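Trainee: One structure, as structure tokens, below. Some questions next.
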Amino acid sequence: MKILQKISLKLKLTLLFGLIFTGMLSSFSYILYREFSKLQSEEFDTTLYNYAIDVAESLDIDNYGEVEFDPDIIKLNEKILPFALGTSYISVLDINGKIIASSSNASDKHVLPVSEYKLGRVLKKGASYDILSFKKIPHRVINYLLPVLKIDSPLILQISVPMTTFMNTNKNLIRFFLTSVPIMMLISAIIGYFFVGRALLPMLEIINKTKKIEVSNLEERVPVPEAKDEIWQLADTINHLLSRLHESFVSQERFIQDASHQLKTPLAIIKGELELFRSEVRSEKETAQFIESMSQEINFLIKLTNDLLILARVDSGATSFVFTKNRLDEIVLSQTSRLSKLASLKNISLRINFDSFENASDDALSVFCDPDLLGVLFYNLIENAIKYSPENSTIIISGINDNDSITVVVSDEGVGIKDVQIGKIFDRFFRIEGSSKSAMGSGLGLAICKVVADSLGAKLWAENNPEKGTSFYFKMMKRS
């Protein structure tokens, strides 16, 4: 087993192919030999039987009741037989096994005693066969019933002929198989090694391509063969793995870029104000203003850090999110309550219109989500509406309950969004031109809303209202 673990897959497959081919070829050769030997044996017995008929017809009884042999019977030169006629031994026996007559070359050693069982077979079927070994040479013996002689008791004609030709043919056939099978094994191994190499060529290309893929070129993909076989599945699986790795690295790089880009400014502001503050003695009023400014910058840093972490978790497909069934309206109401104080600072009214939800069941209003993650989405949508709404305005948060979907709409009474910008508002760090200082932010709020909606399989888009303001639509399909 250790040896098999050290050899290559190409050689393993070649050996497997060779073993299977060798087993099949050996089995075929054995069956062919058995069938050929059986057929040859039957043909030999048939020829011997016909020869016995010829001998029987040549026999006669003289005036004294003695069996006479035709001296030319052992020649029959006009016939082709699988044995030499000069080596055939012919004897005539009575039913008691006594030799009545025999050919000139026959002796007692060439006669095989006839048992009662064999005698019964001869009397019943007219002939029986046996094997006699003489001088280490196997002889085929036929016991043939003589019905042609006109005597009181039946006689048996026994002929023994050498099976030298039969044995030589079998030996030659075995020798042929012992020679040809190894040669065929060697040839099949060479051919198998070649074809296995050709079959594994796409895999070698995949291996070579995979070795060249590094962090700097994760967008590269391994070649996929046209035939949808196991190698195609392997290549496709590797490409999917590379895609996931590429997405993870892109997400990591994006997080690093976003963090380094966004954290520089507030940190620089804090550092500058600290150095300016300690450059001279400050009054209590200036100290209070400084602390308030630092508090705002720190809160901005906390919000920015949280936003970056949420983006990184969603981008990387973090498994820390717990998805359960939650009522959508309850999540919206909880986030609206959290933002009521911020809205009151601008004297903005947050109006809830969930009339279409009143008669809906819990299942109809429940969505499969992470409640904290979905809460961040609605928090950012409502907070964004408050930032860009004028004072003494109204923000309407309404719900639409359809048969197959549930929608939440956040509508403000702001100045709206230009058509050229409305397609970019969900981009990271995008800021609407002309944003007031009160609407300052990192430009990540709507980007977070978009990635959260995409991760939940929901749709999020914005439309300008006919009169004034903008409406943001969050639509999620109900789970069956």
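The values are calculated or read from the model by the stated rules, or taken from the named source; none is laboratory data. No experiment lies behind these values; they were computed from the predicted model shown. Neighbour counts are summed over all protein chains in view; Cβ atoms, including those assigned to glycine, are modelled from backbone coordinates with ideal geometry.
Trainee: For the condition among the basic types (K, R) and either touching a Gly at 6+ places or on another chain (Cβ under 9 Å) or modelled with pLDDT of 85 or more (or both), what is the one hit in K109, K79, K171, K118?
Mentor: Result of the check over K109, K79, K171, K118: K171.
Trainee: Scan I207, I137, I183, I191 and give me the residue that is touching a helix residue (DSSP H, G or I) at 6+ places or on another chain (Cβ under 7 Å) and of a type in the set (V, I, T).
Mentor: I137
Trainee: A further question on this structure: S216 fails exactly one of the following numbered conditions: (1) farther than 30 Å from K135 by Cα; (2) touching a residue at least 60 places away in the same chain (Cβ under 8 Å). What is the number of that condition?
Mentor: Unmet for S216, out of (1) farther than 30 Å from K135 by Cα; (2) touching a residue at least 60 places away in the same chain (Cβ under 8 Å): (2).
Trainee: Next question. Taking only the range 287-304 into account, find how many residues are closer than 28 Å to C369 by Cβ and without any contact (Cβ under 8 Å) to a residue 24 or more places away in the chain.
Mentor: The total comes to 2.
Trainee: Considering only the range 336-437, give the helices (runs of 4 or more DSSP H) lying wholly within it that have at least 3 residues that are under 51 Å from the mean Cα position of the chain (by Cα). Explain how you work it out, then say what you get.
Mentor: Working: elements: 340-345, 362-365, 371-387, 419-422.
Where helices (runs of 4 or more DSSP H) fall fully within the range 336-437 and carry at least 3 residues being under 51 Å from the mean Cα position of the chain (by Cα), they are 362-365, 371-387, 419-422.
Trainee: Looking for whichever is touching an Asp or Glu at 6+ places or on another chain (Cβ under 6 Å), over 30 Å from S91 (Cα atoms) and surrounded by 14 or more Cβ atoms within 10 Å (Cβ to Cβ) here; the options are I213, I231, I238. Which one fits? Steps first, answer last, please.
Mentor: On the way: I231 fails: touching an Asp or Glu at 6+ places or on another chain (Cβ under 6 Å); I238 fails: touching an Asp or Glu at 6+ places or on another chain (Cβ under 6 Å).
Going through I213, I231, I238 in turn, just one is touching an Asp or Glu at 6+ places or on another chain (Cβ under 6 Å), over 30 Å from S91 (Cα atoms) and surrounded by 14 or more Cβ atoms within 10 Å (Cβ to Cβ): I213.
Trainee: Starting from residues that are among the β-branched types (V, I, T) and touching a helix residue (DSSP H, G or I) at 6+ places or on another chain (Cβ under 6 Å), keep the ones in the range 1-28 and report whichever is modelled with the highest pLDDT.
Mentor: Result: T22.
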